[in-house]
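Worksheet for the structure shown next.
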Amino acid sequence: MSDNSVLGIYTFEGIFEGKAVYEYAHPQEHALHKCMLFLLQEGADALWDSAIIEASKFGFEEVAMDAFSILQTEMLEQKPFVDLHPHIEESLTLGSSLVFYEKP
């Protein structure tokens, strides 16, 4: 991690197809899910292509990115981030982490 490293937060919808590179407790296959991807990156600009590639490593296809922000220190104690500290720590250690929700 360099002085220019930030934790990007990308939200997207995608279909989990079960072809994940990473081992994790994955969502239901062949279903549409809303997701939040934490991505350790250099610089504060949105890296949409990198985020889509990372989402595919978690097994998602037909990814439609819809928002990007940078995690700020003051956000750590606010909802929903206060409940996502394990994912934040994982992304700082491993480079990324994914939170998924069933699409209503």
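The values are calculated or read from the model by the stated rules, or taken from the named source; none is laboratory data. None of these values were measured; they are calculated from a predicted model. So basically every Cβ, Gly included, is an ideal-geometry build from the backbone, and we count neighbours across all protein chains shown.
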Of the conditions (1) modelled with pLDDT of 95 or more; (2) out of contact with any Asp or Glu (no Cβ under 9 Å at 6 or more places or on another chain); (3) hydroxyl-bearing (Ser, Thr, Tyr); (4) part of a strand (DSSP E or B), the single one that TYR101 does not satisfy is (1)
Flagged in the stretch 58-86 as over 13 Å from THR11 (Cβ atoms) and within 11 Å of the chain's Cα centre (by Cα), in numbering order, are PHE58
Note on the stretch 2-50: residues of a type in the set (Gly, Ala, Ser) and touching a residue at least 40 places away in the same chain (Cβ under 8 Å) are SER2, GLY8, GLY14, GLY18, ALA31
Among the residues of the stretch 41-90, the number that are among the hydrophobic types (A, V, I, L, M, F, W, C) and either over 24 Å from PHE16 (Cα atoms) or assigned to a loop (DSSP other than H, G, I, E, B) (or both) is 10
Taking the stretch 21-40 and keeping only residues that are assigned to a loop (DSSP other than H, G, I, E, B) and crowded, with 16+ Cβ neighbours inside 10 Å, one is left with HIS26, PRO27
Of LEU94, LEU47, LEU84, the only residue that is loosely packed, with under 13 Cβ neighbours inside 10 Å and out of contact with any Phe, Trp or Tyr (no Cβ under 7 Å at 6 or more places or on another chain) is LEU94
Exactly one of ILE70, ILE53 is β-branched (Val, Ile, Thr) and surrounded by 13 or more Cβ atoms within 10 Å (Cβ to Cβ), and that one is ILE70
If we keep only residues of the stretch 8-26 that are acidic (Asp, Glu) and modelled with pLDDT of 95 or more, then the residue nearest to SER96 (Cα to Cα) is GLU13
Checked the stretch 10-20 for anything farther than 25 Å from ASP45 by Cβ and of a type outside the set (Phe, Trp, Tyr); matches are ILE15, GLU17, GLY18, LYS19, ALA20
Does SER56 satisfy the criteria of being at pLDDT 95 or above and closer than 16 Å to VAL6 by Cα? no
Here the qualifying pairs (Cβ atoms under 6 Å; residues six or more apart or on different chains; first in the stretch 83-104 and over 19 Å from HIS33 (Cα atoms) and free of Cβ contacts under 8 Å to residues at least 12 places away in the same chain; second among the aromatic types (Phe, Trp, Tyr) and surrounded by 12 or more Cβ atoms within 10 Å (Cβ to Cβ)) come out as none
